[in-house]
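*Asks:* The structure under discussion is supplied below as structure tokens; questions concerning it will follow.
A short reminder: the numbers here are calculations on the coordinates, not readings from a lab. What you see is a predicted model; the values in this text were computed from it and never measured. Cβ placement follows ideal geometry from the backbone for every residue including glycine, while neighbour counts extend to all protein chains displayed.
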Amino acid sequence: RKMSIKEETISKMSMEEYLGDTLVMPDGSKHKTAIVLNNCDIVALYFSASWCGPCQSFTPQLVDFYKNAAKNKSVQIIFISSDRDQASFMEYFKKMPWFAMPFDASQIKNKLSQTFQIRG
């Protein structure tokens with residue numbers, strides 16, 4: 001199959017270049033991006049925010065999918081927040097069983113949002 005321009009761009013970059021060196025979990029623990037994503041067949045970027053009504057409805061469905069898909073460890077979801085403050089980010093992130101880009105990684109988040117044409 002022919003890859004899209006965005007897919008080609010991503011494939012030429014390491015995930016660390018795209019997501020930064022560190023990812024976090026809801027408990028606040030920090031993990032090296034390269035280790036978290038090692039051997040993943042699929043890495044999904046979940047752009048979401050606590051103030052987004054449709055996101056609030058979709059997140060529980062995505063959690064159910066992830067719990068089933070992650071059994072074989074080939075799928076990883078990375079939460080990329082558009083929340084306006086750290087407290088809102090953490091409150092919403094606690095509902096998710098996957099990793100997130102740190103809230104203070106705004107430059108990386110902005111670059112990804114631009115690449116994928118995310119608004120909000």
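*Asks:* What FRET efficiency comes out for the pair Q114/Q61, r = Cβ-Cβ distance, R0 = 25 Å, nearest 0.05?
*Replies:* It comes out at approximately 0.40.
*Asks:* How long is the chain along each principal axis, judged by its Cα atoms, biggest number first, in Å?
*Replies:* 38, 32, 27
*Asks:* Okay, moving on. For n ≥ 4 DSSP H runs only, could you compute -39500 (n - 2.57) per run for the chain, divide by its residues and tell me the 222 nm figure to the nearest 500?
*Replies:* -12000 deg cm²/dmol
*Asks:* Shifting gears a bit: Could you work out how far the C-alpha centroid of the range 45-79 sits from that of the range 82-117, in angstrom?
*Replies:* Centre-to-centre distance over Cα atoms comes out at 13 Å.
*Asks:* While we're here: What's the ranking of 45-53, 76-84, 21-29 by average number of surrounding C-beta atoms within 10 Å, highest first?
*Replies:* Highest mean packing first, the order is 76-84, 45-53, 21-29.
*Asks:* Along the positive direction of the dipole of the chain (beta-carbon charges: Lys, Arg +1; Asp, Glu -1; about the Cα centre), which of C52, Q107, V75 reaches farthest?
*Replies:* V75
*Asks:* Taking the Cα centre of the chain as origin and charging only Cβ (+1 Lys, Arg; -1 Asp, Glu), how large is the dipole, in debye to the nearest 20?
*Replies:* Taking the Cα centre of the chain as origin, the dipole is about 280 debye.
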